[in-house]
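K.L.:
What follows is a single structure, and I will ask about it in a moment.
The values are calculated or read from the model by the stated rules, or taken from the named source; none is laboratory data. All values reported here derive from a predicted model rather than from experimental measurement. Methodologically, a virtual Cβ is constructed for each residue, glycine included, from the backbone with ideal geometry; neighbour enumeration extends over all protein chains shown.
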Amino acid sequence: MHYANPPPPYTLPRPVGALLSRLPAFPGSVLLAAAINAVLASQLPQDVRDILRGKRIAIRVRDAGLRFDFRWDGRRFAPHARQAEPELIISANAQDFLLLAQRRQDPDTLFFNRRLVMEGDTELGLVVKNALDALEIPVFDPAQWAPHAVLQRRAPALARRLPPLPDLPLPAFLRPPQP
């Protein structure tokens, strides 16, 4: 894994977090479960799949006031509406989750600095953490999801006919590290 020097800790401004916290939770859980399935599900070893079966997990983005609930149904991660308390809640600020996805921060460092918190079933938390550490996960690059980049991948003929879109600067905490 490659851990570059991470930027200083960043917390979303309260008005932004308050606005985001008003978003409905279930559509976000659907999107997160789909993303996790696309990136992780096929790589999970059978013993991890067995341990995860039926377990409810929540990802809580503290500064955004968001929570995404899902479970492993034996074949894939499936979203579920918030009902009973999940077996495991993983909490961090938006920037810290992004730094983890970009491989710019070590999960153990965030954990020991209390920026990444796991609550609930400790054994399940260790299984999840160790499984993630062992997987080859692609590095998340926000530039891949810029409108022009998505259009290039999904509709290259249309992208060629459109005028170039201006590049908008990314905030420092979203930028990939410079070599």
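K.L.:
Kindly state which helices (runs of 4 or more DSSP H) lie completely within the range 1-58 and contain at least 3 residues that are under 19 Å from residue 85 (Cα atoms).
P.N.:
In the range 1-58, the matching helices (runs of 4 or more DSSP H) lie at 25-39.
K.L.:
If you don't mind, another one. Within the range 83-94, identify whether any single residue is modelled with pLDDT under 90 and not charged (D, E, K, R), and answer yes or no.
P.N.:
Yes, some residue in the range 83-94 is modelled with pLDDT under 90 and not charged (D, E, K, R).
K.L.:
Would you confirm whether any residue within the range 100-107 is more than 22 Å from residue 11 (Cα to Cα) and either outside any helix (DSSP H, G or I) or free of Cβ contacts under 8 Å to residues at least 24 places away in the same chain (or both)?
P.N.:
no
K.L.:
Of the residues in the range 71-99, how many are among the hydrophobic types (A, V, I, L, M, F, W, C), under 22 Å from residue 41 (Cα atoms) and assigned to a loop (DSSP other than H, G, I, E, B)?
P.N.:
Of the residues in the range 71-99, 1 are among the hydrophobic types (A, V, I, L, M, F, W, C), under 22 Å from residue 41 (Cα atoms) and assigned to a loop (DSSP other than H, G, I, E, B).
K.L.:
Can you find, within the range 1-53, the residue that is surrounded by the most Cβ atoms within 10 Å (Cβ to Cβ) among those that are within 26 Å of residue 123 (Cα to Cα), under 17 Å from the mean Cα position of the chain (by Cα) and β-branched (Val, Ile, Thr)?
P.N.:
36
K.L.:
Select from the range 108-121 the residues that are assigned to a strand (DSSP E or B) and more than 15 Å from the chain's Cα centre (by Cα) and list them in ascending order.
P.N.:
Of everything in the range 108-121, those that are assigned to a strand (DSSP E or B) and more than 15 Å from the chain's Cα centre (by Cα) turn out to be 119, 120.
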